[in-house]
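Structure below; questions to follow.
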Amino acid sequence: MSPFRPACRFDELQPDVPLRCEVDGRAYAVVLTESQTFAIYDECSHAQVPLSEGEVTDCAIECWLHGSAFDLRTGNPRSLPAIAPVPVFDTRIVGEGSDAVVEIDLPTPTNATPTNATPTNLSNEGAS
Ligand code: FES
């Protein structure tokens, strides 16, 4: 049985604007894109900076400090300086209308055992 836990009301989300949610004492950045909702640990793998304070573009969340962008589907960094993935989690929407809630599948991240821990297509853009 999946341990889905409520993270936020669906109507709190704005497209491509990360929302910091705390579930069981851990922070997650929940993102609504054009196609679905995503949940990623709210901490950059390069340094302990909240990813929820970054911007979302093309299904990736960019760390505001040094510019690494993490794919919301895989958690893998698309650009340096981060080289390690950030855990991502399945989400689901329960309920309808103003009662709709976004739930996160905890505690197992979907990329807990990444087969490709070494990010590809890295560049130094945005690194400092
Ligand atoms: S702290 Fe996030 S890229 Fe450096």
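The values are calculated or read from the model by the stated rules, or taken from the named source; none is laboratory data. Since this is a predicted model, take the numbers as computed values, not measurements. Every residue, glycine as well, gets a Cβ built from its backbone with ideal geometry; the counts of neighbours run over all protein chains shown.
If I go through segment 18-60 residue by residue, how many of them are surrounded by 13 or more Cβ atoms within 10 Å (Cβ to Cβ) and either more than 16 Å from the ligand (Cβ to nearest atom) or part of a strand (DSSP E or B) (or both)?
The qualifying residues number 22.
Look at LEU122 and say whether it is in a loop (DSSP other than H, G, I, E, B), more than 23 Å from PHE4 (Cα to Cα), hydrophobic (A, V, I, L, M, F, W, C) and modelled with pLDDT of 90 or more.
no
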